[in-house]
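Before any comments, here is the structure.
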Amino acid sequence: MTLLDDRRPSTGFRMYRRYEITVSGGLGGALQAAELLRDCGLPVRDFSVEVREGVPYSSVFATMSMTVAEAPGFADRMLAHPMVLAVDPG
């Protein structure tokens, strides 16, 4: 095997992925998003929330350990809740 092999990691390989989750509802929406993250069952490495007075949207930043197979379903699960407006990898 060389460094130029075009192989993707197996579905069992876990790596850290950072997401910005945009929510409505101020601090309450951010706390609900935190509960959703906890209920997903994925290990959360870093977590921070940005809530500003007078701004209708808040941001939740989370770095989680997940496999390639788990990543697409994560955004779909989060977006199924009405207070979650966007889930952006980054």
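Observations
- Some residue of region 65-73 being part of a helix (DSSP H, G or I), open to solvent by 70 Å² or more (accessible area, probe 1.4 Å) and aliphatic (A, V, I, L, M): no
- Answer residue from region 75-90, given it is outside any strand (DSSP E or B) and in contact with a helix residue (DSSP H, G or I) (Cβ under 7 Å, 6 or more places away or on another chain) and is least open to solvent (accessible area, probe 1.4 Å) among those: MET78
- Residues in region 37-54 that are closer than 13 Å to MET64 by Cα and either open to solvent by less than 60 Å² (accessible area, probe 1.4 Å) or not in a helix (DSSP H, G or I) (or both): LEU37, CYS40, GLY41, LEU42, PRO43, VAL44, ARG45, ASP46, PHE47, SER48.
- For region 21-36, a residue qualifies if it is open to solvent by less than 80 Å² (accessible area, probe 1.4 Å) and closer than 14 Å to LEU79 by Cα, and the qualifying residues are ILE21, THR22, VAL23, SER24, GLY29, ALA30, ALA33, ALA34, LEU36.
- Pair list, Cβ under 9 Å, 6 or more apart: region 47-59 residue under 19 Å from ARG18 (Cα atoms), other residue assigned to a loop (DSSP other than H, G, I, E, B) and open to solvent by 70 Å² or more (accessible area, probe 1.4 Å): SER58/ARG52
The values are calculated or read from the model by the stated rules, or taken from the named source; none is laboratory data. In this text the structure is predicted, and so the values were computed from the model without any measurement. Heads up, the Cβs are rebuilt from the backbone with ideal geometry, glycines too, and the neighbour counts pull from every protein chain shown. For the accessible areas, the whole protein counts, side chains as well, though only heavy atoms, and no ligand, DNA or RNA atoms are used. Shrake-Rupley method; radii C 1.70, N 1.55, O 1.52, S 1.80 Å.
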